[in-house]
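What follows is a single structure, written as structure tokens, with notes after it.
The values are calculated or read from the model by the stated rules, or taken from the named source; none is laboratory data. Nothing here was measured: the structure is a model prediction, and the numbers come from that model. As a convention, Cβ positions derive from the backbone with ideal geometry for all residues, glycine included, and neighbour counts pool all protein chains shown. Note: accessible area is taken over every heavy atom of the protein model, side chains too, but ligands, DNA and RNA are not part of it. Shrake-Rupley method; radii C 1.70, N 1.55, O 1.52, S 1.80 Å.
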Amino acid sequence: MMDEGSELSVTIGQVVQRLKGTHLHSQLERQAKECLHRPEIKLECLKDDVRNFLKKSGWERKLQNAVYRELHVHLAVPPQHMKEPLAYMRKAQASWENRILKSLNSMCTELGVPLAHKRSAQEQKDLINKWNEMGTDEPDLSHFRPVYAPKDFLEVLIGLQNPNHDCRDRAGSRCHWGLIQVPLSVRGIQDMREAFPELGLMAGQLGVDDHTHVPPDLFETEHVRIGKRVVSEQDSAAAQQYSRQGCPTGLRADLWALILNSTNEPEDVMHYDQLKSAVIIHDLLVDNLIYKDVKLTASNDDYYFVFEDYLYQVLLCFSRDTAVLEHFSYNSATPPKSYIRGGQGKEDYAVVYPPNGVIPFHGFSMYVAPLCFLYNEPSRLYRVFREMYARYFFRLHSISSSSSGIVSLCLQFEKLLQTHLPQLFYHLREVGAQPLRIAFKWMVRAFSGYLATDQLLLLWDRILGYDSLEIVAVLAAAVFAFRAENLMEVMSLAAAEAVLADLSTLKVMPLLQIFLFATAT
């Protein structure tokens, strides 16, 4: 066992190693060299003078934000557990990946469409011309189908079993109420209260205390003033803490980018343009899956249909971005591989497909759609989405034991409901309306497409603020609690779904506060 000092040394070494060779590292080196020519830099105190210069010119803050990101994204768990510590979870994820890849390959064979091919010069020219109006294009997608839908994924999660644990060995039948039967540790309401104190009834909240009947000088005015200062200070840690009480509409885009340490420097814009060129040169089978998904989801949504062109641009570029592969170092999933023609089964001919390693599923475009309200510059929108995906969204469609993973969220939702609304849970179970069958589609999309956009953004403020998706499970349980009276009257799954069909009028923060802090424990 390492002592605390040794562990800290290892962590510092890992962070330094990861930052070496980055664009930020080369910028810092260049700035340090250039400042040597300044008259205030003295040879006898060179180290301190250079450090003070970097601090005053804002480079120290940029370095702090980069370190903060590394600590959050890459070093949250011991290196040996980076991907997934539980063998049965790894096995289930591998089996699910094989199923997805088999579905993609069979579609490829059935339709006689290659996984990838180079576009002709005319096709490239046509795509360049319609890049900003791809929504007007109506390709025949009738033969293409989503590789899988959330309900298919749910069935896999329901079948998960830990071979070393038999639920029947436990006294009573409480563990059999829900659909998820794996023994993971999830937080109850009391633990959540301690973890999320800023959501308490006595704390000011955007989403509650900014309504028209509340005088702005009670909370909103001061909160906005602090938010402006956080943005001007460019401090990622402060922005994350601030986001726990909600981000003002006018500051949200800057605050989220700051929390994610997402930049839009010239090199970021150039990277986006390179991805765009890759889209124009090669046509991938997954492009059709993206087109199909946008048409089936965002294009039919009252809030998001206007962003159809942005969604195509961002998702097509995302599919080509090999930088996304980096997140597989801490994702339980493994990027799928295909073989170059003629090299079937030969490892030397294996290539990651699609290049980013992520096969889109039904509803995938809804991870991007809400961000279109915040960012109107495609390269900035793209960077923020990529960072959101690599931090949070990938956990919603991969099998893992992470506390923010979809398995834990499902279990947490069921336990919260079973503990605090046992009569409702038992009634729904008895009439064949298992609550998770209704709530799963909300959680797998982090409620995108189900809540009104302003409410969804307030929810995502807290996901970023607490660096956790657990709040999604709490909200799902809170929705059932809010509609409990009506749900107690239903006698079928269809009737329960009808009661919960429209969430667009719900107010997120009052629901969360009441469920977390006004529920008897």
Within segment 376-403, track down each residue that is of a type in the set (S, T, Y), over 29 Å from V269 (Cβ atoms) and buried (at least 21 other Cβ atoms within 10 Å of the Cβ). S398, S400, S402
Being among the basic types (K, R), out of contact with any Gly (no Cβ under 9 Å at 6 or more places or on another chain) and more than 22 Å from D309 (Cα to Cα) narrows it down to one residue among R395, R386, R391; which is it? R391
For segment 456-477, give me each residue that is small (G, A, S) and either touching a Ser or Thr at 6+ places or on another chain (Cβ under 9 Å) or surrounded by fewer than 23 Cβ atoms within 10 Å (Cβ to Cβ) (or both). G465, S468, A473
Yes/no for L381 being part of a helix (DSSP H, G or I) and farther than 25 Å from H282 by Cβ: no
Between Q241, Q313, Q245, which is surrounded by fewer than 20 Cβ atoms within 10 Å (Cβ to Cβ) and closer than 30 Å to E70 by Cβ? Q241
Does A278 satisfy the condition of being more than 24 Å from the chain's Cα centre (by Cα) and either at pLDDT 95 or above or more than 30 Å from M107 (Cα to Cα) (or both)? yes
For segment 483-520, what are the residues that are open to solvent by 40 Å² or more (accessible area, probe 1.4 Å) and either in a loop (DSSP other than H, G, I, E, B) or at positive phi (or both)? M488, E489, M491, S492, A501, D502, S504, T505, K507, A518, A520
Spot the failing condition for K151; the list is (1) surrounded by 13 or more Cβ atoms within 10 Å (Cβ to Cβ); (2) in contact (Cβ under 8 Å) with a residue 24 or more places away in the chain; (3) closer than 21 Å to I406 by Cβ, and only one is missed. (1)
Among the residues of segment 221-247, how many are over 17 Å from L199 (Cβ atoms) and in contact with an Asp or Glu (Cβ under 8 Å, 6 or more places away or on another chain)? 1
Determine if segment 434-454 includes at least one residue that is surrounded by 23 or more Cβ atoms within 10 Å (Cβ to Cβ), part of a loop (DSSP other than H, G, I, E, B) and of a type in the set (S, T, Y). yes
Within segment 173-190, the count of residues that are assigned to a loop (DSSP other than H, G, I, E, B), among the charged types (D, E, K, R) and either open to solvent by less than 20 Å² (accessible area, probe 1.4 Å) or modelled with pLDDT under 90 (or both) comes to 0
Can you tell me which of S299, S338, S329 is open to solvent by 50 Å² or more (accessible area, probe 1.4 Å) and either within 27 Å of G363 (Cβ to Cβ) or not aliphatic (A, V, I, L, M) (or both)? S329
Of the residues that make up segment 387-398, is at least one modelled with pLDDT of 95 or more and outside any helix (DSSP H, G or I)? yes
With closer than 30 Å to I128 by Cα, open to solvent by less than 10 Å² (accessible area, probe 1.4 Å) and either assigned to a helix (DSSP H, G or I) or in contact (Cβ under 8 Å) with a residue 12 or more places away in the chain (or both) as the only criterion, which of V269, V286 stands out? V286
Pull out all pairs, ordered by first then second residue, where Cβ-Cβ is under 9 Å, the residues are six or more apart or on different chains, the first lies in segment 417-436 and is touching a residue at least 12 places away in the same chain (Cβ under 8 Å), and the second is of a type in the set (D, E). F425/E414; A433/E497; Q434/E414; P435/E414; L436/E414
Unmet criterion (only one of (1) in contact with a Phe, Trp or Tyr (Cβ under 8 Å, 6 or more places away or on another chain); (2) within 19 Å of Y375 (Cβ to Cβ)) for S299: (2)
Using the structure shown, decide if V474 is more than 27 Å from V294 (Cα to Cα), β-branched (V, I, T) and touching a helix residue (DSSP H, G or I) at 6+ places or on another chain (Cβ under 8 Å). yes
Only one of (1) open to solvent by 10 Å² or more (accessible area, probe 1.4 Å); (2) of a type in the set (A, V, I, L, M, F, W, C); (3) touching a residue at least 60 places away in the same chain (Cβ under 8 Å) fails for I259. Which number is that? (1)
Of all residues in segment 80-113 being touching a Lys or Arg at 6+ places or on another chain (Cβ under 8 Å) and of a type in the set (K, R), the one that is modelled with the highest pLDDT: R90
